[in-house]
Structures are given as C-alpha cells and as structure tokens.
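For reference, the structure discussed in these notes is given below.
The values are calculated or read from the model by the stated rules, or taken from the named source; none is laboratory data. Given the structure is predicted, the values throughout are model-derived calculations rather than measurements. So basically every Cβ, Gly included, is an ideal-geometry build from the backbone, and we count neighbours across all protein chains shown.
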Amino acid sequence: MKKFILSLALCCAATSFFAQTTDPAQLVNEGKTALEAKNYQLAFDKLSAYLTQTNEQDSAIAFNCAVCADKIKNPTAALKYFDIAVQKKYNLANAYIGKAGALKDLKKNDEYVATLKEGLEANPGNATLTRLYATYYVNQGIMAQKAKKSAAAEEAYKQALAIQPENVNALNALGGLLYTQGAASLKANNVEKAKGEFKEAKEYLDKLMPLIATNAKYQKLKANAETMLNYINTQIK
C-alpha cells in the first residue's frame, strides 16, 4: 500500500512538473489560437501560464491576458495584467482604460478616478479617457443633486466641464440646476440673486444649444433648454 501511495505521489509530482514546464512558445500559440476563437477562458489559462513562466515580462501578452480576464469577468486578474501593460507603456491608453474598468468593477472608486486622471495625463486628449473622467463627475453631480446638495452638485458639474468643455450632460445639468436655483431665489423675492443665477444658467445653456440643435437624440433636451432660456430672458432684462 505504501508503495502504491509513493508511486501515486511521484506520478502527481511528474504531472505537475511537466505542466509547469510546458514550452512557453506552445502556451503562447495555444493562447492566441483560443483568443482568436473567442474561447477567453482557455486563452486566459494559457497566456497567464506563459506569463507566470516568463516572470510577466511580455507586455503584449499581458495586455491580451487582461482582455481575456475582463471577458471572463475576473476583474482582479484583469487589473493585474492591465497594470503590467501600463507599467511597460504598452498600448497605453487602452491599458489605462482597461485598468480603470477593472477598478470600477472592483468598486475601488478612489483608485478608479485616480487612474483616469493619470491615464489622461499620460495620453492627453484621448477621447475615451476624457469622456470617462468627465462622466464620473457628472454622475457625482447627479448624486449630490439628488441628495439636495446643490453646492456640491454645481462643483462636480463644473469639474466635468473643466475636463470636457462640451460635455452635453454637464452643460444641461448645470444650466438646469442654476435655473432652478434662480427660480427659488425669485420666489423668495431675492431678485438680484435670482438674476445672477439666471445669467449663469444662460451661459451654460447658450453653450449647450449649438451642440444639440441638429441632433434628433436631443430634441426633448433642446425643447427644455429653449423653455428655460425664454424664461430667463424675461427675467434678466
């Protein structure tokens, strides 16, 4: 019996040894083939095994492995491999986008925002990073507004516009917020404060209108903006 157990142990050890020493080139080829076939789990298994064997030095394979990890809903692994691509500056903008996405999936909010900021600094003008970073602040503004924290909402919308000056959602939200504040001030007979808020609202709505004027998607938004502007014009004369 002892001989049988020893034999079994040696067999397992041999199997483990051969599994760990699979030819790296073979792992890469099998991983690439699986990736092309959209078998993301198998591709991840092969590519991650290759990276483990080669001390995670191949930035291109790390990026592809991260994509596979994302596809199979493994954000922890996706974060690890996208970060390798970032550190090695491979496909940098997309590596930052992928890393940010993994952090968002892991609900690491502060790191998500910091990664978007860092990614945009490393890739100035990248449209996707710009949109994601601005959208974060738009969403912060919406949450603050729902919580009736108008000052925090206004600050968040303005931060979004500092990142992306033509962000339709931020312009609309900020214009609407200031319009509402102006209406409340007017109702409270604080005429001068109301005029200041209406004027500021008009600035953002005026910037909004050219961006939505010919876009059918924004027809309802356009009608609302026009209504606000018409009312504002009657109040600030």
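Residues of region 118-127 being over 21 Å from Lys107 (Cβ atoms) and part of a helix (DSSP H, G or I), which ones? Full working, then the answer.
First pass over region 118-127, keeping only residues over 21 Å from Lys107 (Cβ atoms): 120-127.
Hits for region 118-127 are Leu120, Glu121, Ala122, Ala127.
Within region 187-206, does at least one residue satisfy the condition of being modelled with pLDDT of 95 or more, more than 25 Å from Leu120 (Cβ to Cβ), within 31 Å of the chain's Cα centre (by Cα) and among the small types (Gly, Ala, Ser)?
yes
Inspect region 62-72 for any residue being at pLDDT 95 or above, within 23 Å of Tyr137 (Cβ to Cβ) and touching a Lys or Arg at 6+ places or on another chain (Cβ under 9 Å) and give the result as yes or no.
Here is the first cut: in region 62-72, the residues at pLDDT 95 or above are 62-72.
This time we only want the ones that are within 23 Å of Tyr137 (Cβ to Cβ), so: none.
No, region 62-72 has no match at all.
When you look at Glu56, is it in contact with a helix residue (DSSP H, G or I) (Cβ under 7 Å, 6 or more places away or on another chain), assigned to a loop (DSSP other than H, G, I, E, B) and surrounded by 13 or more Cβ atoms within 10 Å (Cβ to Cβ), yes or no? Give the derivation first.
Values: in contact with a helix residue (DSSP H, G or I) (Cβ under 7 Å, 6 or more places away or on another chain): yes; assigned to a loop (DSSP other than H, G, I, E, B): yes; surrounded by 13 or more Cβ atoms within 10 Å (Cβ to Cβ): yes.
Yes; evaluated as a whole, the condition is true for this residue.
Can you name every residue in region 73-112 that is of a type in the set (Ser, Thr, Tyr) and under 13 Å from the mean Cα position of the chain (by Cα)?
At the first step, the residues of region 73-112 found to be of a type in the set (Ser, Thr, Tyr) are 76, 81, 90, 96, 112.
Result: Tyr96, Tyr112.
Identify the residue in region 102-125 that is under 18 Å from Ser59 (Cβ atoms) and in contact (Cβ under 8 Å) with a residue 24 or more places away in the chain and, among all such residues, is surrounded by the fewest Cβ atoms within 10 Å (Cβ to Cβ).
Within region 102-125, the subset under 18 Å from Ser59 (Cβ atoms) is 102, 115, 118-119, 122-123.
Subset that is in contact (Cβ under 8 Å) with a residue 24 or more places away in the chain: 102, 119, 122-123.
Values: Ala102: 26, Gly119: 25, Ala122: 15, Asn123: 18.
Among them, the one singled out is Ala122.
Glu197 versus (1) acidic (Asp, Glu); (2) touching a Lys or Arg at 6+ places or on another chain (Cβ under 9 Å); (3) surrounded by 17 or more Cβ atoms within 10 Å (Cβ to Cβ): which is the lone unmet condition?
All conditions pass for Glu197, except number (2).
Take the conditions under 22 Å from Asn91 (Cβ atoms), of a type in the set (Lys, Arg) and not in a loop (DSSP other than H, G, I, E, B) and apply them to Lys32. Does it pass? If you could, list the steps in order and put the result at the bottom.
Working: under 22 Å from Asn91 (Cβ atoms): yes; of a type in the set (Lys, Arg): yes; not in a loop (DSSP other than H, G, I, E, B): yes.
When the stated conditions are applied, Lys32 passes them.
Could you please find all residues in region 59-101 being assigned to a helix (DSSP H, G or I), β-branched (Val, Ile, Thr) and closer than 15 Å to Tyr40 by Cβ?
Keep residues of region 59-101 that are assigned to a helix (DSSP H, G or I), which gives 59-71, 75-87, 92-101.
Still in the list and also β-branched (Val, Ile, Thr): 61, 67, 76, 84, 86, 97.
Passing the criteria: Ile61, Val67.
What number of residues in region 141-157 are touching a residue at least 24 places away in the same chain (Cβ under 8 Å) and either surrounded by fewer than 19 Cβ atoms within 10 Å (Cβ to Cβ) or of a type in the set (S, T, N, Q) (or both)?
Restricting attention to region 141-157, the residues satisfying the condition of being touching a residue at least 24 places away in the same chain (Cβ under 8 Å) are 141-142, 145, 150, 153-154.
Going one step further and asking which of them are either surrounded by fewer than 19 Cβ atoms within 10 Å (Cβ to Cβ) or of a type in the set (S, T, N, Q) (or both), we end up with 142, 145, 150.
Within region 141-157, residues that are touching a residue at least 24 places away in the same chain (Cβ under 8 Å) and either surrounded by fewer than 19 Cβ atoms within 10 Å (Cβ to Cβ) or of a type in the set (S, T, N, Q) (or both) number 3.
Is it the case, given these coordinates, that Val138 is among the hydrophobic types (A, V, I, L, M, F, W, C), surrounded by 22 or more Cβ atoms within 10 Å (Cβ to Cβ), within 30 Å of Ala184 (Cα to Cα) and in contact with a Phe, Trp or Tyr (Cβ under 9 Å, 6 or more places away or on another chain)?
Yes, satisfied.
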